[in-house]
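First up is the structure itself, then whatever we jot down about it.
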Amino acid sequence: MSGSIETKTLPSGAKIPAVGLGVFQSEPGAETYNAVLSALKLGYRHIDTAEYYENEADVGRAVKDSGIPREEIFVTSKLFIQSWGYEKALQKTKESNEKLGLGYIDLYLLHAPGDADTR
């Protein structure tokens with residue numbers, strides 16, 4: 001990617017890149033790791049993963065191995081609907097953070113919040 005990617009400022013003051021790489025349907029392991037590492041080398045600074053994709057550890061490893069300072073990369077992950085509710089959400093958030101191994105997650109979302117069965 002040439003030039004810099006536009007960012008949007010969230011209410012918290014954090015800046016989220018407007019373009020990112022999503023790793024849905026990216027096979028856990030080398031496929032995800034290589035895709036994330038390549039995207040970061042090309043200039044991407046936003047990576048979107050989820051508990052459901054089972055590739056958070058690969059995302060974290062690629063971010064660490066990229067050589068790019070952590071604070072320059074925006075990482076989003078998501079909580080799947082079976083884990084909604086305070087106690088489950090707290091546990092799954094901790095698990096996602098541990099799998100990523102990056103110290104923190106920039107944005108943690110509810111996966112599929114419009115699902116009719118969970119409203």
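Read-outs: derived from the displayed coordinates by stated rules, not from any lab. What you are looking at is a predicted structure, and each value in this text was computed from that prediction instead of being measured. Don't worry about glycine lacking a Cβ; one is built from the backbone with ideal geometry, like all the others, and counts go over all protein chains shown.
Kindly identify segment 9-59 as rounded, prolate or oblate by the Cα gyration tensor criterion: order the square roots of the eigenvalues as a ≥ b ≥ c, call it rounded if a/c is under 1.5, otherwise compare a/b with b/c, prolate if a/b is larger, else oblate. It is oblate, given that a/c is not under 1.5 and a/b is not larger than b/c.
Multiplying the residue separation of LEU109 and ILE5 by 0.36 nm and subtracting their alpha-carbon distance yields 35.2 nm.
Once the Cα atoms are used to define both axes, helix 30-42 deviates from the longest principal axis of the chain by about 50 degrees.
Spatial offset of segment 77-112 relative to segment 3-34 amounts to 16 Å, using the alpha carbon center of each. The distance between label points at GLU71 and GLN25 comes to 3.8 nm (points 7 Å beyond Cα on the Cα→Cβ vector). Among LYS15, LYS64, LYS78, the largest mean-square fluctuation in a Gaussian network model of the chain, built with springs joining Cα atoms closer than 10 Å, belongs to LYS15.
Can you tell me the 0 to 90 degree angle between the C-alpha axis of helix 86-100 and the longest principal axis of the chain, rounded to 10? That helix lies at roughly 20 degrees to the long axis. Calculated from the structure at hand, Cα extents along the principal axes in Å is found among (i) 57, 37, 20; (ii) 36, 30, 30; (iii) 43, 33, 25 as (iii). Here is the list for segment 80-116: chymotrypsin sites (Phe, Trp or Tyr not before Pro) lying in DSSP coil, each with at most 10 other C-beta atoms within 10 angstrom of its C-beta, are TYR104.
Among the GluC sites (Glu not before Pro) found in segment 1-92, those both in a DSSP coil and sparsely packed, with 12 or fewer other Cβ atoms within 10 Å of their Cβ, are GLU6. If the segment from ILE16 to LYS64 were pulled out straight at 0.36 nm per residue, it would be longer than the present Cα-Cα gap by 15.4 nm.
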